[in-house]
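Participant: Encoded as structure tokens, here's the structure I'll be asking about.
The values are calculated or read from the model by the stated rules, or taken from the named source; none is laboratory data. Every value quoted in this text rests on a predicted model; they were computed, and no experiment measured them. Please note: Cβ atoms are built from the backbone with ideal geometry, for glycine as well, and neighbour counts cover all protein chains shown. For accessibility, only protein heavy atoms count, side chains too; no ligands or nucleic acids. Shrake-Rupley method; radii C 1.70, N 1.55, O 1.52, S 1.80 Å.
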Amino acid sequence: MRIMRAAFASSFDADNPLAALTVGEQPEPTHPEDDWVTVQVRASSINHHDLWSLRGVGLGADRLPMILGCDAVGTAPDGTEVVVFPLVVDPGDPRGMSILSEHFPGTFAERVAVPRMNLLPLPAGLSATDAACLPTAWLTAWRMLTTKGRVDEADAVLVQGAGGGVATAAVALAVALGKRVYATSRDAGKRERIAQLGATALEPGARLPERVDVVIETVGEATFDHSLKSAAPMARIVVSGATAGHEPKVNLRRVFAMQLEILGTSMGTPGELTELLTFCAEHEVSPVVDSVVPFSRIEEAFARLHSGEAFGKIVIDHTA
Ligand SMILES: NC(=O)c1ccc[n+]([C@@H]2O[C@H](COP(=O)([O-])OP(=O)(O)OC[C@H]3O[C@@H](n4cnc5c(N)ncnc54)[C@H](OP(=O)(O)O)[C@@H]3O)[C@@H](O)[C@H]2O)c1
């Protein structure tokens, strides 16, 4: 059996997920089917999903050890540079599919095996490290704004918890789409940086100068009431995460009186990822990158995400 370096969940720790992370050797990926290929990973990026996995959320103990990581840009067997779409058809999962690192080994490794149909060409003009931000967090933000939020019908957008990977993506994309964007963050330094992206930065819970047509929610309990109060009649509140708790109190009177739509969403489709790659390349939208960390120091990337101090995406350079 061939061995490669990888970062993987070796146990679960709900309180200190960093303690459940191991960086070491794992078997080379194998191909469950003939139509799968092995990609040599050049760059990946870390998501809150990786911390949830280390806490034991969404990952069963029977699947340990599990190589983490959802995002990858790399080299296909034919030598082309590719972006990996991270969802894999998975009949054993109630959703009908799973994200790399849930049932199939993830991207924090030298190589990852994926169905050939999951490979998308890396567009000219996008670096591997920038493109590695797109398949999970940015794709989620793109679908939240476009397919779910119907942002083309909107004038104003609110993004909660603006320092996060999905949230900075939503701000950058909504600004590039020409919308008035409001964004909340608990941190004054992050508010300054979000303003530099073209949004009006606010403290959590602050009254907005206007009601918005689309709210981007990944925070959950800490911000959901503010999201409801900030929504204009017929607004869409699009939810893809609940970092600060998943059981908020919901004022149903406001939901029906204002005719609000509360929409759940997860990730996106290969077609939406292609649209996003094209949009970023054509509009020269660069992902918001907090830092690029060499794979040899990947533990630092996990620690930074866990600290809550990151602004934008933490990218892993697998060539270093
Ligand atoms: N469903 C999907 O397809 C999908 C895809 C990607 C992510 N997600 C989910 O979306 C969430 C965000 O993911 P991410 O990778 O963007 O995570 P992240 O980079 O760690 O961002 C989380 C952000 O949430 C805000 N936050 C955390 N605790 C808070 C609190 N108590 N009060 C107010 N704000 C708080 C913070 O914003 P400030 O520091 O600026 O206040 C933080 O930057 C996660 O729950 C993740 O699982 C879902």
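Participant: Of all DSSP beta bridges located in the chain, what percent are antiparallel, nearest 5? Walk me through the intermediate numbers first.
Facilitator: Values: 31 of 55 bridges.
Taking every DSSP beta bridge within the chain, about 55 percent pair in antiparallel fashion.
Participant: Highest GNM mean-square fluctuation, the chain, Cα pairs closer than 10 Å: which of PRO115, PRO94, PRO17?
Facilitator: PRO94
Participant: Anyone know which of GLY271, GLY92, GLY205 comes out most mobile in the 10 Å Cα GNM of the chain?
Facilitator: GLY92
Participant: Please compute the length gained on full extension between GLU284 and ASP93, using 0.36 nm multiplied by the number of residues separating them and subtracting their Cα-Cα distance. Numbers along the way, then the final one.
Facilitator: Numbers: separation 191, 0.36 × 191 = 68.76 nm, distance 3.71 nm.
Difference between extended and current length: 65.1 nm.
Participant: Once you have the Cα-Cα distance between SER11 and ASP34, take 0.36 nm times their residue separation minus that, and quote the gain in nm to one decimal. Write out the running numbers ahead of the final one.
Facilitator: Values: separation 23, 0.36 × 23 = 8.28 nm, distance 3.11 nm.
Gain on extension, SER11 to ASP34, equals 5.2 nm.
Participant: Once you keep just the Cα pairs under 8 angstrom separated by 6 or more residues, what percentage relative contact order results for segment 1-156? Provide the component values of the computation, followed by the final result.
Facilitator: Numbers: 307 pairs, mean separation 40.4, N = 156.
Answer for segment 1-156 is 26 percent.
Participant: Using the basic label-point model (7 angstrom from Cα toward the beta carbon), what is the LEU252 to ALA206 distance in nanometres?
Facilitator: 3.4
Participant: Rounded to the nearest Å, what's the spacing between the alpha carbon centres of segment 259-303 and segment 45-95? Just the number, please.
Facilitator: Centre-to-centre (Cα) distance: 14 Å.
Participant: Can you tell me, using C-alpha contacts under 8 Å and at least 6 residues apart, the relative contact order of segment 81-235 as a whole percent?
Facilitator: Values: 241 pairs, mean separation 28.2, N = 155.
That works out to 18 percent.
Participant: Only Cα pairs under 8 Å and at least 6 apart count here; give the relative contact order of the chain as a rounded whole percent.
Facilitator: Values: 753 pairs, mean separation 56.7, N = 320.
Over the chain, the number comes to 18 percent.
Participant: Roughly speaking, to the nearest percent, how much of the chain's 1.4 Å accessible area is carbon and sulfur?
Facilitator: Working: 6980 of 13800 Å².
Carbon plus sulfur share of accessible area: 51 percent.
Participant: Ignoring ligands, DNA and RNA, what accessible area per residue does segment 185-290 give at 1.4 Å, in Å²?
Facilitator: Working: 5670 Å² over 106 residues.
With all protein chains present, segment 185-290 gives 54 Å² per residue.
Participant: Label point 7 Å out from MET234 along Cα-to-Cβ: which residues of segment 149-164 have amide N under 17 Å?
Facilitator: So the set is 149-157.
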